[in-house]
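The values are calculated or read from the model by the stated rules, or taken from the named source; none is laboratory data. The shown structure was predicted, so the numbers you read here are calculated from the model rather than taken from an experiment. Don't worry about glycine lacking a Cβ; one is built from the backbone with ideal geometry, like all the others, and counts go over all protein chains shown. Surface accessibility is based on the protein's heavy atoms, side chains included, excluding ligands, DNA and RNA. Shrake-Rupley method; radii C 1.70, N 1.55, O 1.52, S 1.80 Å.
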Amino acid sequence: MSTRRLSMRQIREILRLVYEVGLPARAVARTVRCTHPTVRELVRRFESAGGQWPLPDNLTDSALEEWLYPRPSGRPTPASRTRLGGDLSRLAPTARHLRATLAAI
């Protein structure tokens, strides 16, 4: 099951409510309309990345996202992913065996 990533506005609001206001994770989750494990995970990521509140004024949304959700090394960025292409003839025997057609693949 895939999950929808929080918007940067929600992330900044969660961090503000946790560190500035001092609300518990469940209260923050109700306010921002997400689950409390999501709040805890975001706080865990923030603290493990060495985050300190308040955030610097010049910290952009993209820099904050990269800081909280770093890309694993060797994994392509979404923009560099390409669709499956090339020769699909090698799939033909498997497709026939599965009673499928190449058009369905």
For this session: Find all pairs meeting these conditions: Cβ atoms under 8 angstrom apart; at least six residues apart or on different chains; first residue within segment 19-34 and over 18 Å from Glu47 (Cα atoms) and of a type in the set (S, T, N, Q); second residue in a loop (DSSP other than H, G, I, E, B) and modelled with pLDDT of 95 or more.
Result: Thr31/Leu23
Exercise. Would segment 5-22 turn up any residue that is at pLDDT below 90, open to solvent by 70 Å² or more (accessible area, probe 1.4 Å) and either touching a strand residue (DSSP E or B) at 6+ places or on another chain (Cβ under 6 Å) or outside any helix (DSSP H, G or I) (or both)?
Worked result: yes
Exercise. Restricting the search to segment 42-64, which residues are open to solvent by 70 Å² or more (accessible area, probe 1.4 Å), assigned to a helix (DSSP H, G or I) and out of contact with any helix residue (DSSP H, G or I) (no Cβ under 6 Å at 6 or more places or on another chain)?
Worked result: Arg44, Glu47, Ser48, Ser62
Exercise. Within the set of pairs 6+ apart or on separate chains, which have a first residue in segment 6-17 that is under 11 Å from Leu42 (Cα atoms), a second that is surrounded by 15 or more Cβ atoms within 10 Å (Cβ to Cβ), and C-beta atoms under 6 Å apart?
Worked result: Gln10/Val32; Ile14/Val28; Ile14/Val32; Ile14/Val39; Ile14/Leu42
